[in-house]
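*Asks:* Dropping the structure in here first, questions after.
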Amino acid sequence: MKRRKELKKASPYIFISPWIIGFIVFTAGPLILSLIMSFYDWPVTSEATFTGLGNYVKMFTEDAQFWKSLKLTLKYAAIFVPLNLGIALFLAMLITQPVRGVKIYRTIFYIPAVISSVATAIIWGWILNGDYGVLNYLLSLIGIEGPNWLVDPAWALMAIVLTSAFGVGTMMLIFYTDIKNIPIDLYEAASLDGANSVKQFFSITLPIITPTILFNVITSIINAFQQLTLVMLLTGGGPLKSTYFYGMYTYDNAFKHHKLGYASANAWVMFVIILILTAFIFRSSSAWVFYEAEVKGQKTGKRRKNK
Amino acid sequence: MKTSRKSKVIIYILLTVVAVYFLAPFVYMFFTAFKKEAEAIAYPPSLLPENWSWQNFADAWNAQPFAVYFKNSVLVTVGTTLGQVLSCSLVAYGFARFQFRGKNILFMILLATMMIPWDVTMIPQYMVFKSFNWINTLKPLIIPAWFGSAYYIFLMRQFLMGIPKDYEEAARIDGANAFQIYWKIFMPIMRPQLILIAVLNVITVWNDYLGPLIFLQDRSKYTLALGLASFKGVHSTQIIPLLCITVIMIIPPVIIFIVAQKYIVEGTSGSIK
């Protein structure tokens, strides 16, 4: 009987034990190890030597590429995040319109989001090709001479933005399900009051989905900072390092130049920047995010609880 | 809500324009995969191939051991999916249906791990796997999945939180223990969520490039995504074989998505609340 009681007490921990073990071995352990490594000069082949803050000092003061890659990534995020958010919201509004066959469009819009970035990079590398790419051919039909997207440093960043916007479906779907959940009577009441659809969007839809916007802003900033596969396969960081993003800079330091300690320091700086940006957005959110519980007082906390 | 005829027309035009933008690259790629190389880079380009050359696919497939890559991808995908479904349902059940010390803190930690950029853990993970002698095997790609993934656990926990308490109380009176309740009562209830996790995982793992890139070295271990990327490296001047393999690579996730999209759409609606 006693044993049974003990088992009962232990059982929740048994249930969550896979995650706890995984967390220690694959997340917490590596996280701590990475922080320790960032204070070392840690080549792959020879002994590691402790250098204190050496890696960080070097990064901030001597390594011009660090600043270039960081600026480039911030620039990319500054273009990509609002653009992606805007497109996702626009598409979500489109597929929530009450017209027949709209579900087929929803499927089509989402398909590019389920294919591998490797495939996306190949498809767009081919479409954007300056010699035989079909995009420039189509542009030439309307009298525009397209740039040499992937070879011209002035356009390569835009090529990456264009390509990554192809996978907007995930975010669209998150907006879509949120907009779908808005009670229809809110719109009916508004249209009785004579509000047109533009006004309804700004006075009903937009305020209600602000928590989702917050969520999407944060996840897309994190994604923008980690962008690696597309640049690796589409431009290889070039031309002239014009798309040498921070993720690729870190990756190369680790696996190409085998400076594991330095690359760990790079990664931690990225982590801290993401945390600061996230904290900043969260702090600003009280000014522009409205939670249902505050507005209507009903359905209390349902939305808030897990935020 | 009533929609006037005029605005309906505008909506359809917009929907169609966007659909063309998303679909055109695939359609054009599909047709081009059947063309001759000279035809593919001809100017002005044509949409349909002059002759439908099925041989292109066989040639591309045999240019590298793609059958091996394909087999590895299937192994990794199936192996991780089984692991995720089992471990995430267990862990989510633990978090959702019990009260225990440290629960809230542990759950906060779980959520926080989703914020950690992969760049921070990739180097030490590489070293951990190296010390396990797992590098250049499929193990680092499969085994971690058996310990759950924060996002999937979160999705499933949200679902389980909404199920009334009576479910396990009735079973407990009948003398069932926690594991029997989990396995016999909750696994069937969780079915849509299990399918959701399985589908999301299949798509993610099938498409993953960076994991295989870091952990695998020999061609005999490559997955399809890694094989395709390396194929791109050596075949940069020939576009047709590359497009053929790309077509093959994207078919499984697209079909799975179309079949299971109901679960993805419904699952997304519960996820961020």
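*Asks:* Consider B:Leu75 carefully, then state whether it is within 17 Å of the chain's Cα centre (by Cα), loosely packed, with under 15 Cβ neighbours inside 10 Å and either of a type in the set (Phe, Trp, Tyr) or more than 8 Å from chain A (Cβ to nearest Cβ) (or both).
*Replies:* In short, yes.
*Asks:* May I pose another question? Mind checking which residues of region B:184-210 are among the aromatic types (Phe, Trp, Tyr) and either over 17 Å from the mean Cα position of the chain (by Cα) or surrounded by fewer than 19 Cβ atoms within 10 Å (Cβ to Cβ) (or both)?
*Replies:* Result: B:Phe186, single match.
*Asks:* Residues to consider are B:Tyr12, B:Tyr21, B:Tyr69; find the one that is more than 26 Å from B:Ile203 (Cα to Cα) and among the hydroxyl-bearing types (Ser, Thr, Tyr).
*Replies:* On the way: B:Tyr21 fails: more than 26 Å from B:Ile203 (Cα to Cα); B:Tyr69 fails: more than 26 Å from B:Ile203 (Cα to Cα).
Sole residue among the options that is more than 26 Å from B:Ile203 (Cα to Cα) and among the hydroxyl-bearing types (Ser, Thr, Tyr): B:Tyr12.
*Asks:* Quick one: in region B:22-40, of everything that is out of contact with any helix residue (DSSP H, G or I) (no Cβ under 7 Å at 6 or more places or on another chain) and at pLDDT below 90, which residue is surrounded by the most Cβ atoms within 10 Å (Cβ to Cβ)?
*Replies:* B:Glu39
*Asks:* Being over 9 Å from A:Ser34 (Cα atoms) and more than 8 Å from chain B (Cβ to nearest Cβ) is the filter; apply it to region A:254-274 and report the residue that is nearest to the chain's Cα centre (by Cα).
*Replies:* Looking at residues that are over 9 Å from A:Ser34 (Cα atoms) and more than 8 Å from chain B (Cβ to nearest Cβ), I get A:Ile273.
Residues checked against (1) among the charged types (D, E, K, R); (2) free of Cβ contacts under 8 Å to residues at least 60 places away in the same chain; (3) buried (at least 22 other Cβ atoms within 10 Å of the Cβ):
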position: B:Ala92; (1), (2), (3): no, no, yes
position: B:Gly102; (1), (2), (3): no, yes, no
position: B:Trp118; (1), (2), (3): no, no, no
position: B:Thr121; (1), (2), (3): no, yes, yes
position: B:Pro124; (1), (2), (3): no, yes, yes
position: B:Ser131; (1), (2), (3): no, yes, no
position: B:Met156; (1), (2), (3): no, no, yes
position: B:Phe179; (1), (2), (3): no, yes, no
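*Asks:* Scan region B:34-55 residue by residue and report those that are more than 10 Å from chain A (Cβ to nearest Cβ) and part of a helix (DSSP H, G or I).
*Replies:* Matches in region B:34-55: B:Glu37, B:Ala38, B:Glu39, B:Gln55.
*Asks:* Let me ask something else. If you go through region A:104-112 one residue at a time, do you hit one that is within 8 Å of another protein chain (Cβ to nearest Cβ), assigned to a loop (DSSP other than H, G, I, E, B) and either of a type in the set (A, V, I, L, M, F, W, C) or within 30 Å of B:Gly211 (Cβ to Cβ) (or both)?
*Replies:* Taking every residue of region A:104-112 in turn, none turns out to be within 8 Å of another protein chain (Cβ to nearest Cβ), assigned to a loop (DSSP other than H, G, I, E, B) and either of a type in the set (A, V, I, L, M, F, W, C) or within 30 Å of B:Gly211 (Cβ to Cβ) (or both).
*Asks:* I would also like to ask the following. Checking the condition in contact (Cβ under 8 Å) with a residue 24 or more places away in the chain and under 29 Å from B:Tyr12 (Cα atoms), which residue from A:Ile122, A:Ile108, A:Ile95, A:Ile127 passes?
*Replies:* A:Ile95
*Asks:* Now for a different question. Need pairs with beta-carbon distance below 6 Å; first residue within 9 Å of chain A (Cβ to nearest Cβ) and within region B:12-33, second part of a helix (DSSP H, G or I) and small (Gly, Ala, Ser); sequence gap 6+ or separate chains.
*Replies:* Short answer, once both residue conditions are applied: B:Thr32/B:Ala40.
*Asks:* Continuing with the same structure: Does region A:114-136 contain any residue that is surrounded by fewer than 17 Cβ atoms within 10 Å (Cβ to Cβ) and more than 8 Å from chain B (Cβ to nearest Cβ)?
*Replies:* yes
*Asks:* Hey, any hits in region A:78-99 for a residue that's over 26 Å from A:Ile281 (Cα atoms), surrounded by fewer than 17 Cβ atoms within 10 Å (Cβ to Cβ) and within 13 Å of chain B (Cβ to nearest Cβ)?
*Replies:* Initial filter on region A:78-99 (over 26 Å from A:Ile281 (Cα atoms)): A:94-99.
Checking the rest, the ones that are also surrounded by fewer than 17 Cβ atoms within 10 Å (Cβ to Cβ) come to A:98-99.
From the residues that got through so far, the ones that are within 13 Å of chain B (Cβ to nearest Cβ) too are A:98-99.
The answer is yes, given that some residue of region A:78-99 is over 26 Å from A:Ile281 (Cα atoms), surrounded by fewer than 17 Cβ atoms within 10 Å (Cβ to Cβ) and within 13 Å of chain B (Cβ to nearest Cβ).
*Asks:* State all residues of region A:181-196 that are more than 7 Å from chain B (Cβ to nearest Cβ), surrounded by fewer than 16 Cβ atoms within 10 Å (Cβ to Cβ) and either touching a residue at least 12 places away in the same chain (Cβ under 8 Å) or not in a helix (DSSP H, G or I) (or both); if no residue qualifies, say none.
*Replies:* Passing the criteria: A:Ile182, A:Pro183, A:Leu186, A:Asp193, A:Gly194, A:Asn196.
*Asks:* I'm trying to understand the selection: among the residues of region A:235-256, which are among the hydrophobic types (A, V, I, L, M, F, W, C) and at pLDDT 90 or above? Reasoning before the result, please.
*Replies:* First, the residues of region A:235-256 that are among the hydrophobic types (A, V, I, L, M, F, W, C): A:240, A:245, A:248, A:254-255.
Listed by number, the residues that qualify are A:Phe245, A:Met248, A:Ala254, A:Phe255.
*Asks:* Looking at B:Asn104, B:Asn136, which is the one that is assigned to a loop (DSSP other than H, G, I, E, B) and either of a type in the set (S, T, N, Q) or touching a strand residue (DSSP E or B) at 6+ places or on another chain (Cβ under 7 Å) (or both)?
*Replies:* Selected residue: B:Asn136, the only one of B:Asn104, B:Asn136 that is assigned to a loop (DSSP other than H, G, I, E, B) and either of a type in the set (S, T, N, Q) or touching a strand residue (DSSP E or B) at 6+ places or on another chain (Cβ under 7 Å) (or both).
*Asks:* Let me ask something additional. With the checklist (1) more than 10 Å from every other protein chain (Cβ to nearest Cβ); (2) touching a Pro at 6+ places or on another chain (Cβ under 7 Å) in hand, flag the one item A:Phe39 doesn't pass.
*Replies:* It is condition (2) that A:Phe39 fails.
*Asks:* OK, next. Can you pull out the residues in region A:137-153 that are within 14 Å of chain B (Cβ to nearest Cβ) and touching a Ser or Thr at 6+ places or on another chain (Cβ under 8 Å)?
*Replies:* Answer for region A:137-153, where residues must be within 14 Å of chain B (Cβ to nearest Cβ) and touching a Ser or Thr at 6+ places or on another chain (Cβ under 8 Å): A:Gly146, A:Leu150.
*Asks:* Next up: Mind listing just one residue for me: the one in region B:89-137 that is among the aromatic types (Phe, Trp, Tyr) and closer than 22 Å to B:Gln217 by Cα and, of those, farthest from the other protein chains (Cβ to nearest Cβ)?
*Replies:* Filtering first and then ranking leaves B:Trp134.
The values are calculated or read from the model by the stated rules, or taken from the named source; none is laboratory data. The structure displayed is predicted, hence computed values, not measured ones. With ideal geometry, Cβ positions are generated from the backbone for all residues, glycine too; neighbour counts draw on all protein chains shown.
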